[in-house]
Amino acid sequence: MNMRSVLFAVLVLCSLVLAGCAPAAPTSGTVVVGVTSELRAGIDIDRMRVLLRAGGEVRGDSALTHASGQLFFPKEFIFRDLADGTAVEITLEAFGAADAVRPRLVRTASTRVVGGSTLLLPVRLEQECVVPPGNDACPAPQTCMAGGCSAPDVDPRQLDPYSASWAEEEVAGAPDLCKPKDAGEPVVIVGEGQADYFPLDDLDEVQVEAGPQGGYHIFVAIRLKNLRRSGSITVVGGTVPELGHTLDPLRVIFTFDEDEGGFCKLAGLRFRLDSREVGIDALLGKVVEVDVTVTDSEGDTGTGKRKVTLSRTIL
């Protein structure tokens, strides 16, 4: 065997050894669907159907309701440890309380798994995509985005790696009509209203209403500015000075609606009045000092107060 043949054999042997020692390419990956919403859970949306498909097969079909405490935003849905290249798809159908059959909004999104990666697939439920009565949603396989019908598929090369802080980062980096750049001190003004904001003066009478599942409440509404539109925590509290009684607080995370003059607004805050300790008969006609505190994802806080007089009748 000549020297050239020996060298060739050695090179072949080295190549085989290196190939055997090379690490295998990752064969599985994960996709996390991060859902945010401009529609408010418990007000605009009462129930949401979530359909998950991977490789064309149904992997999950569930209904989340506001009453059960499962319907809130932001929300994550996970396609975990699937083979590289597997197609994954999520379909969200959002229903209002008034119609349990016809969804107010339908949103679909899809992508593919990349082996060795955990990717974030962001999905936003937008007000522009609410289907007006009598109209149809986008024809399949298209979906609604920014008020128009588009293909639902997203190239995985365009997706960012998943981070547990994705929701905070999305809110912090997005333009915000409720909190513009160089915003001043937060402002919160307390009013009333179930479907819209209506102003109140101190000691104005507000109507007491019977709740659908027992209990009695008033509807509180607020106007605010210089606080984040989404992800802000709204807490409604109150005291009855004449009785020395503190009402149980209401804590929600709702997206605010745009209002005039640089303000945003939130209506339909169902603030319960009665409790085991104090029944509704003892509260009718009394003055309640209502306070509302809004804290956004950046830690800024605004508080508004209003004294209201409860009606002597129940609606």
Note on the stretch 162-295: contact order normalised by length, alpha-carbon pairs under 8 Å, 6 or more apart, percent, works out to 29
Tell me the accessible surface of Cys149 in square angstrom (1.4 angstrom probe, heavy atoms of protein chains only), to the nearest ten.
70
Proximal lysine pairs in the chain, meaning Cα under 22 Å and 8 or more positions apart or interchain, come to 12
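With only Lys, Arg, Asp and Glu charged, each at its Cβ (+1 for the first two, -1 for the last two), find how big the charge dipole of the stretch 23-177 is about the Cα centre; round to the nearest 20 debye.
Numbers: 13 positive and 21 negative charges, 72 e Å.
Computed charge dipole of the stretch 23-177: roughly 340 debye.
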What FRET efficiency do you get for Leu120 and Ser62 if R0 is 22 Å and r is their Cβ-Cβ distance, rounded to the nearest 0.05?
0.60
In terms of the charge dipole of the chain, which places +1 on Lys and Arg and -1 on Asp and Glu at the beta carbon, the residue among Leu200, Ser117, Ala146 farthest towards the positive end is Ser117
If you roll a 1.4 angstrom probe over the protein chains with everything in place, what fraction of the accessible area of the stretch 255-315 belongs to carbon and sulfur, to the nearest %?
42
Nearest 10 degrees, 0 to 90: what angle lies between the long axis of helix 3-21 and the longest principal axis of the chain (Cα atoms)?
20
Antiparallel DSSP bridges in the chain: what percent, to the nearest 5?
85
Can you give the charge dipole size of the chain about its Cα centre, rounded to the nearest 20 debye, using +1 on the beta carbon of Lys and Arg and -1 on the beta carbon of Asp and Glu?
980
Return the label of the correct value of volume of the Cα convex hull per residue in Å³, as calculated from the structure shown, out of (i) 199; (ii) 129; (iii) 191.
(i)
Please name whichever of Thr295, Leu39, Ala83 sits farthest to the positive end of the charge dipole of the chain, dipole taken about the Cα centre and charges placed at Cβ: Lys and Arg +1, Asp and Glu -1.
Ala83
With every protein chain left in place, what is the accessible area per residue of the chain in square angstrom, probe 1.4 Å?
54
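The values are calculated or read from the model by the stated rules, or taken from the named source; none is laboratory data. A quick note: this is a predicted structure, and the numbers were derived from the prediction, not measured. Backbone-built Cβ (ideal geometry, glycine too); neighbour counts: all protein chains shown. Areas reflect the complete protein model, heavy atoms only, side chains present, ligands, DNA and RNA absent. Shrake-Rupley method; radii C 1.70, N 1.55, O 1.52, S 1.80 Å.
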